[in-house]
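First up is the structure itself, then whatever we jot down about it.
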Amino acid sequence: MTQEATDEPRIGLALSGGGSRAIAFHLGCLRALDQKGILDRVKVISTVSGGSVVGALYALHQDSFTTFEDRVRRLLSQGLVKPSIRKALTTSEGVRAAYCWLVLAVVNTLVFALSVLLWAISRLFPADKRPNRLFDRIHAPLMRFASRTTILRRTLDEDVFCGKRLSDLSVSGPLLIVNAADLRTGSAFYFSANSSGSWRLGECASNDISIGHAVTASASYPLLLPAIDENLAFNKKDGTRRVERVTLTDGGIYDNLGLAPLWPDRDPSISLNVSDIDSIICCRAGYGSRFDPPSQSMIARLKSAFACVHDRAQNATMKRLFDLHGSGRLKHVLLPYLGQNDQRLKYPPDDLVTREDTYDYPTDFSAMSDEWIDKLSKRGEQLTLALIAEHWPELLGNS
């Protein structure tokens, strides 16, 4: 083996969450990596939410990068909101979601009333005699079999990914890992062509899962979309098989940067989809410091609190990333970041699209104008190229 082959980095690419803003920004990052011949050298692509949409489209594409980019731009121009509304009005999924909402509203009201009644009765007993654990077992007996989330899943399955499944992903391309989170166990839930599941629950007994299903789970922002509620069979590490109920939601709740599957210290005897990665490119479509309006209502306070916890978790993840690099566990780290302080760039282009021009674009999946697609994707491309030149120039030398 030659020295050049030995020194070839094993690159993992993380595409963060951030709705359509992330899709457009990551498109520019991917374009820059493709231009420099780096994208073909990526071994693993780990994705979250909006990053899962563009990452899955890239993993599926079999034509030129230009064809892939055209498809992503069409998706951004159309958005996912209007197609989902159309799907709700023209298919049975909308009727099922409405029926499920009505049934659960009635059942949950009755369960809540029963819980309040039992709580009131428990107050009649001394504190050490109260059956407090009884309340933990009271929950709605029905699963949420249809919702706005299943409408989105049908839209992605039929209109975006055309019924493709994880098994349809090319074995010659990078391994795609789609990140979701299981609310019941508080653990990451990974989808890939190799295996799907989590360290808490085990490996899915059947991996015949649609890409639309995986991406929907990854993108189900909990403040807007209900979790995917389903029973799945899992193969446990001890050789047993059990059926567990999972409630899958946005992978950004666990790790909005998609870095968790790429950490070099993961244990394959415990974790799924462990890869031998020694270098990471993390494309982060978040933004910098925020100034929320004064929190005058409970909803506003909860939103600000959620954002605060979310931001701090991402900052902690970034610290771990650079700590691993500083200790030598990771050879190279590159961070194209939408909220990048442009004054710190060593090689900014003359026509740089600035942070102030782009950072406050919404993170929903509404239709995006061509002007914003160009602006966000150009910033992703420019930052990626500038940061490679500054922090990892040898990568260009090997391309």
Residue that is surrounded by the fewest Cβ atoms within 10 Å (Cβ to Cβ), among those in segment 242-254 that are within 30 Å of C308 (Cα to Cα) and of a type in the set (A, V, I, L, M, F, W, C): V246
Test: R320 is open to solvent by 50 Å² or more (accessible area, probe 1.4 Å), in a helix (DSSP H, G or I), closer than 30 Å to L225 by Cβ and at pLDDT 90 or above: yes
Segment 348-399, residues that are farther than 30 Å from L80 by Cα and among the charged types (D, E, K, R): D350, D351, E390, E394
Segment 178-203: number of residues that are among the small types (G, A, S) and in a loop (DSSP other than H, G, I, E, B): 5
Filter result for the condition that a residue is out of contact with any Gly (no Cβ under 8 Å at 6 or more places or on another chain) and open to solvent by 60 Å² or more (accessible area, probe 1.4 Å), over G202, G197, G173, G239: G239
Filtered residue count, segment 222-231, keeping only those that are crowded, with 20+ Cβ neighbours inside 10 Å and more than 27 Å from R312 (Cβ to Cβ): 1
I299 vs. criteria assigned to a loop (DSSP other than H, G, I, E, B) and open to solvent by 60 Å² or more (accessible area, probe 1.4 Å): no
Selection count where residues are surrounded by fewer than 21 Cβ atoms within 10 Å (Cβ to Cβ) and over 15 Å from K378 (Cα atoms), scope segment 19-38: 2
Count of residues meeting criterion [part of a helix (DSSP H, G or I), at pLDDT 70 or above and of a type in the set (A, V, I, L, M)] in segment 118-143: 4
Verdict on G12 being touching a Ser or Thr at 6+ places or on another chain (Cβ under 7 Å), surrounded by 15 or more Cβ atoms within 10 Å (Cβ to Cβ) and either of a type in the set (A, V, I, L, M) or not in a helix (DSSP H, G or I) (or both): yes
Search result, residues across segment 249-288 that are closer than 23 Å to Y361 by Cβ and either part of a helix (DSSP H, G or I) or out of contact with any helix residue (DSSP H, G or I) (no Cβ under 9 Å at 6 or more places or on another chain) (or both): G252, I253, D255
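The values are calculated or read from the model by the stated rules, or taken from the named source; none is laboratory data. Owing to the predicted nature of the structure, the values given are computational and were not obtained by experimental measurement. Virtual Cβ from ideal backbone geometry, glycine too; neighbours counted across all protein chains shown. All accessible areas refer to the heavy atoms of the entire protein, side chains included, with ligands and DNA or RNA removed. Shrake-Rupley method; radii C 1.70, N 1.55, O 1.52, S 1.80 Å.
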